[in-house]
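Undergrad: This is the structure I have questions about; it appears just below.
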Amino acid sequence: MPIPHRKFDALIIGAGGAGLNAALRLASADLRVAVVSKVFPTRSHTVAAQGGVNAALANVLPDNWHWHMFDTVKGSDYLGDQDAIEYMCREAIPTVYELEHAGVPFSRLDNGKIYQRAFGGQSQDFGGDQAARTCAAADRTGHAILHTLYQQNVRARTHFFDEYFAVDLIRDEEGVAIGALTLDIETGEPLVIEAKSTLLATGGNGQVFRTTTNAFINTGDGMAMALRAGVPLQDMEFYQFHPTGVAGKGMLITEGARGEGGFLVNADGERFMERYAPRALDLASRDVVSRSMVTEIREGRGCGPNKDHVLLKLDHLGADVVHHRLPGISDICRVFLGIDPAKDAIPVFPTAHYAMGGIPTDRNARVVAPARHGPEEVVPGLYAAGECACVSVHGANRLGGNSLLDILVFGRAAGTDILRYVAENPNHRPMRDADIEPALARLQRWERTGDGDSVHAVKAELRKLMEDHCGVFRDHETMAAGVEKLNALRARVEDVRLQDHSKVFNTARIEALELDNLVDVGMATLMSALHREESRGAHSRVDFPERDDERWMRHSLYARDGDRMDFKPVRTKPLTVESFPPKARVY
Ligand SMILES: Cc1cc2nc3c(=O)[nH]c(=O)nc-3n(C[C@H](O)[C@H](O)[C@H](O)COP(=O)(O)OP(=O)(O)OC[C@H]3O[C@@H](n4cnc5c(N)ncnc54)[C@H](O)[C@@H]3O)c2cc1C
């Protein structure tokens, strides 16, 4: 039976904040928009975001977007592209007001303005005192934003394909993106969605690590789809480990807990961040705090019988602040640890959290790839936004509260550029059977029967491998061994077989497709980390402990074809203000 086709002006893969903000822009302009999501939209990982979204509203302390921009450039360890950072920090202010007007129930100050809390790496006046820039709805900000955007999309008549899995992009002979092959998870039937433009908004890939704050669905599908379509991934070595994951479990205790006044102590009860970041203390940026914690533990000052974590103290804040400003954290502590954070310290350890790298795009969310002759060019019809993309505004390290901002600002920017693109390219391009063939083959590969490893076993091995060989501290020997093991594992994936070949709600097949994606994204991360011979932001090499601006003010690009590495210069010119030249990064 021929595969059914549906046609839309725009296809958006992913219903998190990035996908939904783009969809809203397009549907409000009366385009026919399809949003595909492998889970019901409001279950996307954006719903889990706790602490808040950054904008220099100056509701609590003095602030302006220049300082936000400086903090972001510094936080990125000077690897972020300054044109994109300027754009994001300026757009932050209208973006948050737009959300407010769309109905996001932000927490309020006594004067009725939006509540803002301090977060890591925020300053007043170019590195001065601590600012309070993170706009919050208690500690459930992502939940508030995602539900509002979903409801606004329903009103704007966005067409949702809930619980459809995107298998691969479809490009025509000339390389133009013309849609995607999807799978209806409920029935197991394939569906081709043809579109004049396609946006990847598939979120992060935290599941590539064993201990992570990320949901099970964060398997880097969009990044792997881009790789298979010949687009290299950018800066994949920069993976953020959040300092305060629940020790041994991984779920997140928001940086807002330290923003509200919480702090870390070691086994001696010492507030050790005083030694590593004398000014910013526990609100230094995440890479700095994570490394300090691991150093304390390595030097024998860890807490607990195994000396394998440190403690986050909130008890001095009083039950009122803890339960009112951090209700979600209180719940997590009660349910998973059986403690009340207003009374007991929380055991914490760094946990895999956020991909700074991803699909390379420009400021308009257009995917850019190296051209065959000369520098990069735009891939026609293809866009990426949100955590799967790399604009790059986070460079080597993202500041807390800047990802919700990134997904909203660049989701919207994608919508704006897609409007232009579809106006200029009003017709669907023809789709031939041959264009769909590679995507279909990928689906059919999992029909093979026989004996072999299980998806589950190989995935567990991969996640352990990544944690052991590409964690907070790295060196050549460990990573080279990691690449070798991952190559062996990649070969074994060929022999993985499914036991269940039924069609209806066959989640085993979905997990198998995700495993393919995780392996590709894992290799991108390891190869990029192996090649960058310096320490910058979240990428910390024991064998190259210094930042090396002369050699490495460059973005890395990993191509799947032959595991090739390439590099391109950082864009250091902002749009309207003067550049911030690299300086030593102290907090
Ligand atoms: C626990 C936690 C707390 C966080 N807190 C904050 C915070 O306070 N502030 C902040 O700025 N950032 C925070 N972050 C980071 C931020 O929430 C995420 O980076 C951001 O929400 C990602 O949004 P997104 O739209 O890119 O993707 P997501 O929200 O992850 O959505 C991805 C979408 O893609 C779909 N999808 C993926 N693959 C496929 C496929 N193959 N087929 C079909 N659909 C697919 C999914 O179904 C989903 O709809 C937090 C992250 C975590 C994990």
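Undergrad: Within region 476-530, how many residues turn out to be surrounded by fewer than 21 Cβ atoms within 10 Å (Cβ to Cβ) and either at positive phi or polar (S, T, N, Q) (or both)?
TA: Count: 7.
Undergrad: Of the residues R171, R155, R133, only one is basic (K, R), touching an Asp or Glu at 6+ places or on another chain (Cβ under 9 Å) and farther than 26 Å from V367 by Cβ; which?
TA: After applying the criteria, what remains is R133.
Undergrad: Right, something else. For G51, only one of the following conditions fails: (1) within 16 Å of the ligand (Cβ to nearest atom); (2) over 29 Å from A23 (Cβ atoms). What is its number?
TA: It fails just one condition, (2).
Undergrad: Continuing with this model, one more query. Does Y558 satisfy the criteria of being out of contact with any Cys (no Cβ under 7 Å at 6 or more places or on another chain) and assigned to a strand (DSSP E or B)?
TA: Yes: the conditions hold for Y558.
Undergrad: Let me spell it out: the conditions are (1) assigned to a loop (DSSP other than H, G, I, E, B); (2) within 16 Å of the ligand (Cβ to nearest atom), and M431 meets all of them except one. Which number is the exception?
TA: For M431, the failing item is (2).
Undergrad: Could you look through region 393-413, keep only residues that are more than 11 Å from the ligand (Cβ to nearest atom) and either under 25 Å from K196 (Cβ atoms) or modelled with pLDDT under 95 (or both), and pick out the one that is surrounded by the most Cβ atoms within 10 Å (Cβ to Cβ)?
TA: V409
Undergrad: Of all residues in region 228-259, how many are assigned to a loop (DSSP other than H, G, I, E, B) and either aromatic (F, W, Y) or away from the ligand (no atom under 13 Å from the Cβ) (or both)?
TA: Number satisfying all stated conditions: 10.
Undergrad: Could I ask something else about it? If a residue must be part of a loop (DSSP other than H, G, I, E, B) and among the aliphatic types (A, V, I, L, M), how many such residues does region 260-275 contain?
TA: Here the count works out to 1.
Undergrad: When the residues of region 196-213 are narrowed to those that are closer than 22 Å to A177 by Cβ and small (G, A, S), which ends up surrounded by the most Cβ atoms within 10 Å (Cβ to Cβ)?
TA: The extreme case among them is A201.
Undergrad: Go through region 20-46 and count every residue that is near the ligand (Cβ under 6 Å from one of its atoms) and among the small types (G, A, S).
TA: Here the count works out to 2.
Undergrad: So which of T219, T182, T211 ends up being more than 11 Å from the ligand (Cβ to nearest atom) and touching a residue at least 60 places away in the same chain (Cβ under 8 Å)?
TA: Criteria check complete, one pass: T211.
Undergrad: Looking only at helices (runs of 4 or more DSSP H) that lie completely in region 276-356, which have at least 2 residues being exposed (fewer than 15 other Cβ atoms within 10 Å of the Cβ) and either touching a residue at least 40 places away in the same chain (Cβ under 8 Å) or under 25 Å from the mean Cα position of the chain (by Cα) (or both)?
TA: Result: 327-332.
The values are calculated or read from the model by the stated rules, or taken from the named source; none is laboratory data. Computed from a predicted model, the values in this text were never measured in an experiment. Quick reminder, even Gly has a Cβ in these numbers, built from the backbone with ideal geometry, and neighbours come from all protein chains shown.
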